[in-house]
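S.K.: The structure under discussion is supplied below as structure tokens; questions concerning it will follow.
Derivation of every value follows stated rules applied to the coordinates shown; laboratory data play no part. Keep in mind that this is a model prediction, so the values were computed, not measured. Because the Cβ atoms are built from the backbone with ideal geometry, glycine has one as well, and the counts that use them run over all protein chains shown.
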Ligand SMILES: *Cc1c(COP(=O)(O)O)cnc(C)c1O
């Protein structure tokens, strides 16, 4: 049983956490990298250089001279090894929501005769909203919302075109059994689209090895690309030639600067670009991804499992009887890089923790959500965070009125 901060520090020897590579404020334990990752060092400077040297001084010439035109592809090439993909099968563009629209729309059209999109009950809202928005386009399809327990049966039905699933549940941190879902879906001929917003950069994602069909993810959570940074998508290379981007903008054209009347899609995933890429946001993602250059998805996953298991062990040992309930799966194979704790005053508890420099977040109705980004969180940070939690709950600091005022973004 681990019982001291020194024991925690001993677990960090030979670890992969490199907090010094991130521009994190002093004295903060940042457990919200699953919502907005912090900037790796150099990213803020890079944004400034792109704005000043490339845009202000270089003007239009920077599309060629600074290779802005190649930046989406260079960024995709940095994401690819983190998700078990070949660079040409990844594209970086738009938001995760828009990428979902493009891929699910393309799948519905390509899979003639199969009209159902399966989504998970309680899944991330944007996945369900986008699927419903698409299905509402005349005659395109329908959405079936399925309980998690029924997924394996429901995805095997012959009318299912594609099943859209978040690999890690944003509220509980539950991680899907990829092999079971994929085998069930493929047994009935359905495609699987993984939303990896809470996985890439923290877990062992292996899209090619999983036998996945399609995937999307954001870059501003565990990939640290910055608020609202462009999303990424992945298309299985066997499917790409048959898929048409429903937002067939000129940047998805094979040769946009031919200005041709006829649309000829770019090869591979690049056809799923739409309009002119937002270079400032993209430059931040590209620079941020350098922080993963010397680590594998398997190493990230092992570290995430160790951190989250340690957090659960400490909460049980140090916060027993203080009204917390572990809401995440106990088996690390079934858990993402996140631990969710239930508490009737979860919102106020989170606010009181933030006041002590431990930044997590709240998800309604009663979840304290703590994210453990393996590139900058160490076991000593877990120790410090759980001690702060224990202190808040034993002193009832969260009962102070200032911690109950709800703000817009929780
Ligand atoms: C964060 C998140 C998104 C974000 O979508 P945006 O279009 O970038 O706002 C989508 N899906 C899941 C599962 C997420 O966790």
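S.K.: Residues being within 16 Å of residue 243 (Cβ to Cβ) and touching a strand residue (DSSP E or B) at 6+ places or on another chain (Cβ under 6 Å): count how many of those fall in the range 86-103.
M.R.: The total comes to 6.
S.K.: Under 6 Å between Cβ atoms, at least 6 apart or on separate chains: pull out the pairs that start in the range 147-174 with a residue that is on the phi > 0 side of the Ramachandran plot and end on any residue that is part of a strand (DSSP E or B) and within 12 Å of the ligand (Cβ to nearest atom).
M.R.: 173/338
S.K.: Among 33, 27, 37, which is within 15 Å of residue 286 (Cα to Cα) and not in a helix (DSSP H, G or I)?
M.R.: The match here is 37.
S.K.: Any chance you could count how many residues in the range 333-358 are surrounded by 19 or more Cβ atoms within 10 Å (Cβ to Cβ) and under 21 Å from residue 200 (Cβ atoms)?
M.R.: 6
S.K.: Tell me yes or no: at least one residue of the range 308-318 is over 19 Å from residue 378 (Cβ atoms) and either touching a strand residue (DSSP E or B) at 6+ places or on another chain (Cβ under 7 Å) or surrounded by fewer than 19 Cβ atoms within 10 Å (Cβ to Cβ) (or both).
M.R.: Yes, there is a match, as at least one residue in the range 308-318 is over 19 Å from residue 378 (Cβ atoms) and either touching a strand residue (DSSP E or B) at 6+ places or on another chain (Cβ under 7 Å) or surrounded by fewer than 19 Cβ atoms within 10 Å (Cβ to Cβ) (or both).
S.K.: Quick check on this structure: which one of 268, 226 is within 16 Å of the ligand (Cβ to nearest atom) and in contact (Cβ under 8 Å) with a residue 24 or more places away in the chain?
M.R.: That would be 226, the only listed residue that is within 16 Å of the ligand (Cβ to nearest atom) and in contact (Cβ under 8 Å) with a residue 24 or more places away in the chain.
S.K.: Moving on to the next point. Residue 127: under 30 Å from residue 299 (Cα atoms) and more than 16 Å from the ligand (Cβ to nearest atom), yes or no?
M.R.: No.
S.K.: Picking from 199, 187, which residue would you name as being within 12 Å of the ligand (Cβ to nearest atom) and more than 18 Å from residue 86 (Cβ to Cβ)?
M.R.: Unique residue meeting the criteria: 199.
S.K.: Consider residue 232 carefully, then state whether it is in contact (Cβ under 8 Å) with a residue 12 or more places away in the chain, near the ligand (Cβ under 10 Å from one of its atoms) and either under 27 Å from residue 135 (Cβ atoms) or in contact with a strand residue (DSSP E or B) (Cβ under 6 Å, 6 or more places away or on another chain) (or both).
M.R.: no
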